[in-house]
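**Q** Below you will find the structure I want to go over with you.
Please treat every number below as a calculation from the coordinates, not as lab data. Just so it is clear, the structure is predicted and the values come from calculations on it, not from any experiment. When we count neighbours, we look across all protein chains shown, and the Cβ atoms used for this are built from the backbone with ideal geometry, even at glycine.
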Amino acid sequence: MARGPELDRDSWNADLCQSGSFPLAPAASTAQFIPVSQEELLAYEAGIKTKIGRTFQINASAFYYDYTNKQIGGTYIDPVFGKLSKLVTIPESRVYGMELSADWRPLPGLTLSPSVTYMNTGITGTFANFTPQGTVQDFAGESFPYAPLWQANGSAEYEWSVSPAWSAFVGGNASYQSRTNAQLGQAPIYDLKAYTLVDLRAGIESKSGAYRFSVWGTNVFDTFYVIKAGRSFDFDTRTTGMPARYGVSLNYRFR
C-alpha cells in the first residue's frame, strides 16, 4: 500500500532524458511558461542476476548518470505577484549508486525478500536560483530534492496448508528511507527526516486462488513522518504520511 513519494532510482530515470518543454501548471505570469532546453544524459550501468541453488536468487547493479541541463522546479520572482514556480535547468549534475535485492526460500512456504538502494545525487556545477524564501543562492554541491541516500525494504511471508482446499499465511513488510530535503537550499523547514515503517498481515486463502481473507495493519507502530514540504506564496506547507491503520479484506478473483 503506497504511503507517499518514497523515491528510488526509478523516480529519476523513468524518463532518463526529457525533451525541451514548458510547465503545465497554473501561472500568474507568462515568464513561468518560458520553455527550457532538452536534457542531455550520459549513462553507465552494469549488473548481475544469478541463482544459487534452487532457493536463492540475487540481483545487483551499479549505475552512474551524468546530466546536462536537468529539468527541475525552481522559483521566479515576479514584480507583482512575488515568488512563483518556474521550470528551470541545472547545467551540470550527476547521480550514482547501486541496487541489491534477493529472493530466498530457506524453508518450504517461507519467502524472504530484502532489497537496498544507495543513490547519491549532486549538482556539480554552478546553479543559481531563488530559494523558496526569495533569496538568490548558488546550489552547487547540493543533492536533488526528494532523493534519499539510502532506501531499504524487506518482506517476509510464511504460508502453510490447513486443509486440502485452504492455506494460511502470515507476513510483514518493513521499509526504511534516510533523510532528504524537499527543496533546494537546505532550510530546516523542508527537511524530511528518516523513517521506518512496518506493515503486518495474516489470513487464509483458497488453494484455487479464488478466495482470500486477511487482517492487516499498516504503519503498525504509528510512526510520524513527513512525505512532502514546500512553500506556497507566503506560507510553508508540510504533508504527513498515513498513521497506523488496521482492517480486514475479503477478495474474490473472477476467472
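**Q** By the scheme Lys and Arg +1, Asp and Glu -1, what is the net charge of all other residues having a beta-carbon under 13 Å from that of Gly185?
**A** Its environment carries a net charge of -2.
**Q** Straight-line reach from Lys70: which lysines have Cα under 30 Å away, leaving out those fewer than 8 places along the same chain?
**A** Filter leaves Lys83, Lys86, Lys193, Lys228.
**Q** Turning to a different aspect of this structure: Based on Cβ point charges of +1 for Lys and Arg and -1 for Asp and Glu, what charge dipole magnitude is obtained for the chain about its Cα centre, in debye rounded to the nearest 20?
**A** Here the chain has a charge dipole of around 900 debye.
**Q** Still on this structure: With the contact rule set at Cα under 8 Å and sequence spacing of 6 or more, what percent relative contact order holds for the chain?
**A** 12
**Q** Then there is this: Within a Cβ distance under 10 Å of Tyr67, other residues only, what is the Lys/Arg minus Asp/Glu net charge?
**A** Local net charge: -2.
**Q** Just Ser155, Ser167, Ser208 to compare: in a GNM of the chain, with alpha carbon springs under 10 Å, which one fluctuates most?
**A** Maximum fluctuation in the GNM of the chain, among the listed residues, is at Ser208.
**Q** Springs between alpha-carbon pairs under 10 angstrom, Gaussian network model over the chain: which of Pro132, Pro145, Pro164 fluctuates most?
**A** Between Pro132, Pro145, Pro164, it is Pro164 that shows the largest mean-square fluctuation.
**Q** Can you tell which of Tyr146, Thr131, Ala156 lies farthest toward the positive end of the dipole of the chain, using +1 and -1 charges on the Cβ of basic and acidic side chains (Lys, Arg; Asp, Glu)?
**A** In the chain, that residue is Ala156.
**Q** Also, quick follow-up: Using the Karplus curve 6.51 cos²θ - 1.76 cosθ + 1.60 with θ = phi - 60°, work out ³J(HN,Hα) for each residue of segment 108-119 in order, rounded to whole Hz, and write x for Gly and Pro.
**A** Karplus values, whole Hz, x for Gly and Pro: x, x, 9, 10, 10, 9, x, 8, 9, 10, 10, 9.
**Q** Taking the Cα centroid of segment 145-195 and of segment 91-108, what is the distance between the two, rounded to the nearest whole Å?
**A** Each part reduced to its Cα centre gives a spacing of 14 Å.
**Q** Using a Gaussian network model of the chain whose springs link C-alpha atoms within less than 10 Å, name the residue from Asp138, Asp234, Asp199 with the highest mean-square fluctuation.
**A** Asp234
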